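First comes the structure, then the notes that go with it.
The values are calculated or read from the model by the stated rules, or taken from the named source; none is laboratory data. Because the structure is a prediction, the values reported are computed rather than measured. As a convention, Cβ positions derive from the backbone with ideal geometry for all residues, glycine included, and neighbour counts pool all protein chains shown. Surface accessibility is based on the protein's heavy atoms, side chains included, excluding ligands, DNA and RNA. Shrake-Rupley method; radii C 1.70, N 1.55, O 1.52, S 1.80 Å.
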Amino acid sequence: MPPSAQLPAAYTELASYLERGATLQSVAALISWDQETYMPPAAAAHRAEQSSLLASLVHQRRTDPRIGELLGSLEGDAALSEKGSAELAACVREARRDYDLATKLPESLVAELAKVGSQAQEAWKHAREKSDFSAFAPWLEKMLDLTRQKAKCYGGAGGGAGGGSGDLYDALLDEYEPGMTAAQVEAIFTPLRARLTDLVTRVRETKAKVDTKVLDVKVDPAKQHAFGLRVLGAMGFDLEAGRLDTTAHPFCTGIAPGDTRLTTRYKGDRWTDALYGTMHEGGHGIYEQGLPKLAAGRRQAYFGTPLADAISLGIHESQSRMWENLVGRSKPFWKWALPIAQETFGKGLSKFGVKDMYAAVNTVTPSLIRVEADETTYNMHVMIRFELERALISGSLKVADLPGEWNARYKDYLGIKVPDDRRGCLQDVHWSFGLIGYFPTYTLGNLYAAQFWDKINDDIPDLSKQIAKGKFLALKDWLNDSIHRHGRRYRAGELCKKITGKELSAEPLLRHLTEKAEAVYGI
């Protein structure tokens, strides 16, 4: 990008508008984080009012007519097409997309979504605790109705931002994965599900038993937290510009420059669940910290502009799943991490070795909870949610019928019986917020991660040796340089092809999972 002194005046003014809007949004993000972590229960009612007011104010900022005028001026500026202005042109392109989407939504709807989302989140917490879907159902009805209204504002059944295929769900999916449609997701998921089902069947037919006793060692949550912080630090997550806390459903939020919050959850057993949750959110956090939000050696700070935003949730998820699975479930990682875990946790782990850890954390075992699922069956959890939320939005599935349909698909796809709502359709927080269209990005992230991983290992031939020594800087630098620093300059598919030279494919992920199953089960 040209130096600030050479930037068009309209761009400088636009960036100022966007930065003020982003600063206000960061306040909304902070109170949302507080609601999911430390907010006292009695504050819930007023928090809904706070969230609604802030959403209205942010919307006013984002839809200011002056932004439209500035974008129109910049779009007619011939300098944008000149060599060296590609970043600026991308910024204007994506800012136009954001502005057009925002101006399609009435302020009253934005405020109501925020208010009901805050209320629904509290209802979800209580319903989940009591395993009572009926207590959450009325709130889910409200969020679905508001979300349908939002989708229609965006352009109706697929005719909005995504230019979709006639599916109302397309407009929602396009929020999180720009340019993607439900039909495209379905075309990816259908053959992938068939091949994953075949792999799971092959594993089951071996009748091999993997010893997972190492996972059952009781570990004090405080020691798990200390271990997680050590792993995060080694990964390169800057704890001076972030923090790790606990919540009911782990998440990461990049609140503002210098402020990225991670959360995880702990249990007395299955201590690796918390570790992988922490590494997963740490991957998101490293992406957020790697975005060019601050000047930091640049002549232009990008906070508030699309150049400081993530490309898509699929790419964001590729970062978290890469650290969680491709790094965290590998033998090299455990060569480094197991001695540290043994030192931190005490005698309980002393009799286990790297082979024990590798096999235990790479079993293929259908289970109830998505965030605790093994790497192979995880995608089945995502596919079930994609199908169900798409049906909920279309109206072909009634809210009252959701638990039964959820349970039936878990039996059909994963061969397991769901014992209660808490471990069934109430396990995820997403629908209480109205985050519909979000779930497919988890599997897209797995696909991107595996394809990037092949290229990373080509570019860093000794990466496995570095990981075995607890050296992750080369990997982090590669991700910062190849993905994070670009912000939204490229769309997800474009970035994938730029980095790997290929369109997104399921083959790298399927090869990775098959090779791992061969190593653990001898198939």
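Pull out a ≥ b ≥ c, the square roots of the eigenvalues of the alpha-carbon gyration tensor of the stretch 167-289, then state rounded if a/c is under 1.5, prolate if not and a/b is larger than b/c, and oblate in the remaining case. Write out the running numbers ahead of the final one.
On the way: a/c = 2.74, a/b = 1.12, b/c = 2.45.
Cα axes put the stretch 167-289 in the oblate bin.
Taking the mean number of other Cβ atoms within 10 Å as a proxy for protection, how do you rank 375-387, 409-421 from highest to lowest?
Details: 375-387: 22.6, 409-421: 15.8.
Per-residue mean Cβ counts within 10 Å order the peptides as 375-387, 409-421.
Applying a 10 Å radius around every beta-carbon, put 273-282, 98-107 in order of their mean neighbour count, most first. Provide the component values of the computation, followed by the final result.
Working: 273-282: 24.6, 98-107: 17.2.
So the order, starting with the most tightly packed, is 273-282, 98-107.
From the Cα gyration tensor of the stretch 348-391, with a ≥ b ≥ c the square roots of its eigenvalues, which class applies: rounded if a/c is under 1.5, or else prolate if a/b is larger than b/c, or else oblate?
Details: a/c = 5.29, a/b = 3.53, b/c = 1.50.
Prolate.
Please give the length that would be gained between A226 and K411 if that part of the chain were fully extended, namely 0.36 nm times their separation in residues minus their C-alpha to C-alpha distance (nm, one decimal). Walk me through the intermediate numbers first.
Working: separation 185, 0.36 × 185 = 66.60 nm, distance 3.78 nm.
So the chain would gain 62.8 nm between A226 and K411.
Measure off, as a whole percent, the carbon and sulfur share of the 1.4 Å-probe accessible area of the stretch 171-301, all protein chains present. Could you put the intermediate results ahead of the total?
On the way: 2740 of 5510 Å².
With neighbouring chains kept in place, the figure for the stretch 171-301 is 50 percent.
Report in % the part of the accessible area of the stretch 391-523 that belongs to carbon and sulfur, leaving out ligands and nucleic acids; probe 1.4 Å. Write out the running numbers ahead of the final one.
On the way: 2550 of 5540 Å².
The computed percentage sits at 46.
Can you work out the FRET efficiency for the pair T246 and S108, with r the C-beta to C-beta distance and R0 = 35 Å, to the nearest 0.05?
Efficiency computed from Cβ-Cβ geometry: 0.50.
Using a cut-off of 14 Å between beta-carbons, work out the net charge of the residues near Q184 (Lys and Arg +1, Asp and Glu -1, Q184 not included). Display every interim value, and only then the final one.
Details: positive: R390, R491; negative: D167, D170, D174, E177, E186, E503.
Summing Lys and Arg as +1 and Asp and Glu as -1 gives -4.
Hey, can you find the accessible area per residue of the chain for me, probe 1.4 Å, expressed in square angstrom?
Numbers: 21220 Å² over 523 residues.
Using a 1.4 Å probe on heavy atoms only, each residue of the chain averages 41 Å².
Reachable aspartates and glutamates from K207, Cα under 16 Å, same-chain residues fewer than 8 places away excluded?
D198, E518
Accessible area of the stretch 1-127 with a 1.4 Å probe: how many percent of it is carbon plus sulfur?
Values: 3270 of 5870 Å².
Using a 1.4 Å probe with all protein chains present, the stretch 1-127 comes out at 56 percent carbon and sulfur.
Say each of K502 and S482 gets a label point 7 Å from the Cα, pointing the same way as Cα to Cβ; how far apart are those two points in nm?
Inter-label distance under the simple model: 1.3 nm.
Work out how much length D454 to A183 would gain on full extension: take 0.36 nm times their residue separation and subtract the Cα-Cα distance, in nm to one decimal.
Working: separation 271, 0.36 × 271 = 97.56 nm, distance 2.75 nm.
Full-extension gain reported as 94.8 nm.
What's the extension gain from H126 to L239 if we count 0.36 nm per residue and subtract their Cα-Cα distance?
On the way: separation 113, 0.36 × 113 = 40.68 nm, distance 3.18 nm.
Taking H126 through L239 to full extension adds about 37.5 nm, to one decimal.
Between S367 and R202, what FRET efficiency comes out of the Förster formula 1/(1 + (r/R0)^6) with R0 = 25 Å and r the beta carbon distance, rounded to 0.05? Walk me through the numbers before you get to the answer.
Details: r = 18 Å, r/R0 = 0.73.
That gives a FRET efficiency of 0.85.
So if we plug the beta-carbon distance of Q149 and T23 into 1/(1 + (r/R0)^6) with R0 = 35 Å, what FRET efficiency do we get, rounded to 0.05? Working shown, then result.
Details: r = 28 Å, r/R0 = 0.80.
Efficiency, rounded to the nearest 0.05: 0.80.
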